[in-house]
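Student: Quick one: this structure, given as structure tokens, is what I'll be asking you about.
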Amino acid sequence: MVLNPVISKLSGKLVVLASASPRRLEILSNAGLRFEVVPSWFKETLDKGLFKAPHEYAVETAKQKALEVARRMPFKHLKTPDIVIGADTIVTVDGMILEKPADKDDAYRMLSSLSGKEHSVFTGVALVLCHEKENEVDYQLIEFYEETKVKFADLSDNMLWEYINSGEPMDKAGGYGIQALGGMLVEYVYGDFLNVVGFPLNHFCKQLDLIYNQCASSSDQESTSVQLIHIGAQTTSVLTQPPPNLQAKSTHSPSSPAKHNPTLTSSLNSSAGPLQEVKKNGSESEANGRSWTLVNSLSKHTEDREGLLRDSDNTTVPPVTSRGQVIELNVMEQEDSEPKTEDLQRIIDLMDGFKASKALFTASKMCVFDLLQSRPGLDAVQVAGEIKASVKGTECLLEACVSLGLLRSRERTCQKPAFENTDLATHFLLTDAACSLRGYIQRCDDTMWPLFSHLESAVREGASQRERASGKTSNDMIQDTHNSSQEVKLRFMNAMHSIAKVTGKAVATAFDLSRFKTACDLGGCTGAMAYEFTKAHPGLSVTVFDLPAVVEMSERFHPLHKDNRVSFVAGDFFKDELPKADLYILARVLHDLPEEKVHILLSKIADSCTPGCGLLLSEIFLDEDRGGPRRCLLQSLSMSEGRQRSATEYGLLLKSHGFITAHVRHTDSLLDAMLCIKA
């Protein structure tokens, strides 16, 4: 067996798997390899559109995973690995890359696209060899990938959903596990079966044999090696490939799976950052201060390039070629430049962000903005007297609000500075402002601030920290919900009312709704959103459907001049029959619901709709690459039972309930909108 002589070479070495995949762990353990598992922190958010071929994406992801662990371990684990193994498995069909499904609907979309077709499974593998010398660590990178062809049978919807409901697809590339129940979907496999499971063991073993056995017995010129040549402020990294007789044979053809030869490189793409020269006994900050910027000069290499390179022992290295057994030359220039001022300021702003939030919350809670609106020009002593606070504390708070653009101060001769509201405060922070956010600010202070103070626990556990934040058990919290005072309920409604008033107009005017005559705003709370819809569409009447306690108290929030086209009906949209309407409105509802309740609600809406009825969904839509918007991603850290989705994901979700997306609008307000029609 190829691996037997390799095991002895790895004896006493620290081998690390940069993956928490139980499949990869099992495959490598069964092969007799002894290793530690250190899951990578690299976020798999590379832009797939930047890669010419699917395997390049898999290899790059594997490389970033392995490099992240290799660079982190000397600092966080206080030990340097000898070899780090990174891997990423993807499924491709019809030019699309399929990774792990986000939810059941996504799994259905993936598996439907594979039904009756042959597809490719690629696993990219990156091996990072760490060479420790003189309190520094040099990294050698070896990349390769494996392709296996898999053919699915024609699958009925019943079979697909039965498999999806088993739960197996959710953590597997392409939405299936061939080694378990997913094997029932497969007609044939052409190539390495374990590659489909998650790791190309055969190809991996050959690479280990190449590195630790054959290369060790070859000449320096023929072996795979990395030599760092220090020339002043520059370091040249020369990497050489083994000669043809040491390479694994390629069997690639259009109709066959391929075992692809590795590429050895020390270049990193821009998302990884610079390759670091790591000081073994130094601090993390020292290592980051001595980073290397890599410039890949492979594009300059030609087969007829003249001249020779010399390594540190002055031995001749063959010319670099761009094909076959290549030698890649990478020039690394040490970067000692100071950080940009704007970058430093951005980091400081992020560090101080929580202080700015609390200053806003505190000034709002103490009614500073309402006071200065009624009596502009007060000084710190006068404000302190009105809000019953210390002069020193009030002065610090007022000056902080000036720095945040919420207040302005003006000097007075021989007197203390006078303070007044800025337009920002006048528009959003006054209790009676048309677009007041004071109710929502109070909720952020009372509820979200304590919740986010336990963010580390939330991230570690992947669960809401409401019990820790409140100091109560879940049973106590449920009891409190039933017995909560009218004041608590009103605070919640006030928060929802303020957000609806600010966002309602943008949502109501996002689409031409003239075809609809009746609408039902599900969970419409105080009716603020409903009133915006009737203002924007004269021919539309809206029914607000919410819990009895909410409907009972909603009168406190009605405008002075009520619109008779807005009515209220009490009920529970999970249990009770929904009011009949041409258009159903769901604003800021789905993102907070667990998956099961999302489908219950959408099923009820679908059952109430006839063909041609509409569903207007309003949420913060994630960018398709999940890179923003920031408010949406930060909101997800509350770890509610729900989840944030992109417009495409919402469209697929609604499609599974019979709705076709007609229009999507990213508004300039806090919420986006999507209009879907019942098929």
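The values are calculated or read from the model by the stated rules, or taken from the named source; none is laboratory data. Bear in mind the structure is a predicted one, so any value in this text is a computation, not a measurement. Neighbour counts run over all protein chains shown; Cβ positions are idealised from the backbone, glycine included. Accessible surface areas use protein heavy atoms only, side chains included; no ligands, DNA or RNA. Shrake-Rupley method; radii C 1.70, N 1.55, O 1.52, S 1.80 Å.
Student: Which of the residues that make up the range 130-169 are under 12 Å from Y108 (Cα atoms) and open to solvent by less than 30 Å² (accessible area, probe 1.4 Å)?
Tutor: Matches in the range 130-169: L155, L160, Y163, I164, P169.
Student: Run down T61, T89 and say which single residue is hydroxyl-bearing (S, T, Y), in a strand (DSSP E or B) and buried (at least 21 other Cβ atoms within 10 Å of the Cβ). Spell out how you get there, then give the answer.
Tutor: Numbers: T61 fails: in a strand (DSSP E or B).
After ruling out the rest, the residue left standing is T89.
Student: Among the residues of the range 655-679 satisfying the criterion of being of a type in the set (V, I, T) and under 16 Å from L622 (Cβ atoms), which is surrounded by the fewest Cβ atoms within 10 Å (Cβ to Cβ)?
Tutor: T667
Student: Please state which of the following conditions D445 fails to meet, knowing it meets all the rest: (1) buried (at least 20 other Cβ atoms within 10 Å of the Cβ); (2) closer than 23 Å to F369 by Cα; (3) at pLDDT 90 or above.
Tutor: Of the numbered conditions (1) buried (at least 20 other Cβ atoms within 10 Å of the Cβ); (2) closer than 23 Å to F369 by Cα; (3) at pLDDT 90 or above, the odd one out for D445 is (1).
Student: Of all residues in the range 403-430 being touching a Cys at 6+ places or on another chain (Cβ under 9 Å) and in a helix (DSSP H, G or I), which is surrounded by the fewest Cβ atoms within 10 Å (Cβ to Cβ)?
Tutor: Top of the filtered list is H427.
Student: One residue is enough: does the range 347-367 have a residue meeting the conditions open to solvent by 40 Å² or more (accessible area, probe 1.4 Å) and of a type in the set (F, W, Y)?
Tutor: Within the range 347-367, one or more residues are open to solvent by 40 Å² or more (accessible area, probe 1.4 Å) and of a type in the set (F, W, Y).
Student: Checking Q382 against (1) at pLDDT 95 or above; (2) open to solvent by 60 Å² or more (accessible area, probe 1.4 Å); (3) not small (G, A, S), only one condition comes out false. Which one?
Tutor: Only one criterion in (1) at pLDDT 95 or above; (2) open to solvent by 60 Å² or more (accessible area, probe 1.4 Å); (3) not small (G, A, S) is unmet by Q382, namely (1).
Student: Restricting attention to strands (runs of 3 or more DSSP E) lying wholly within the range 518-625, give those where 3 or more residues are touching a residue at least 24 places away in the same chain (Cβ under 8 Å) and buried (at least 16 other Cβ atoms within 10 Å of the Cβ).
Tutor: In the range 518-625, 518-522, 541-546, 583-587, 614-619 are the strands (runs of 3 or more DSSP E) which contain 3 or more residues that are touching a residue at least 24 places away in the same chain (Cβ under 8 Å) and buried (at least 16 other Cβ atoms within 10 Å of the Cβ).
Student: Could you check how many residues of the range 432-446 are in a helix (DSSP H, G or I) and of a type in the set (G, A, S)?
Tutor: Total satisfying the criteria: 1.
Student: Shifting gears a bit: For a quick check of your reading of the model, give me the residue pairs whose first member lies in the range 135-152 and is within 16 Å of M73 (Cβ to Cβ), whose second is among the basic types (K, R) and not in a strand (DSSP E or B), with beta-carbon atoms closer than 6 Å and at least 6 apart or on different chains.
Tutor: Close Cβ pairs (under 6 Å, with a partner that is among the basic types (K, R) and not in a strand (DSSP E or B)) amount to N135/K280.
Student: Given the criteria closer than 22 Å to S21 by Cβ and either free of Cβ contacts under 8 Å to residues at least 12 places away in the same chain or crowded, with 23+ Cβ neighbours inside 10 Å (or both), does L127 qualify? Steps first, answer last, please.
Tutor: On the way: closer than 22 Å to S21 by Cβ: yes; either free of Cβ contacts under 8 Å to residues at least 12 places away in the same chain or crowded, with 23+ Cβ neighbours inside 10 Å (or both): yes.
When the stated conditions are applied, L127 passes them.
Student: Residues that are assigned to a loop (DSSP other than H, G, I, E, B) and farther than 25 Å from D512 by Cβ: does the range 655-666 have at least one?
Tutor: For the range 655-666, residues assigned to a loop (DSSP other than H, G, I, E, B) and farther than 25 Å from D512 by Cβ: present.
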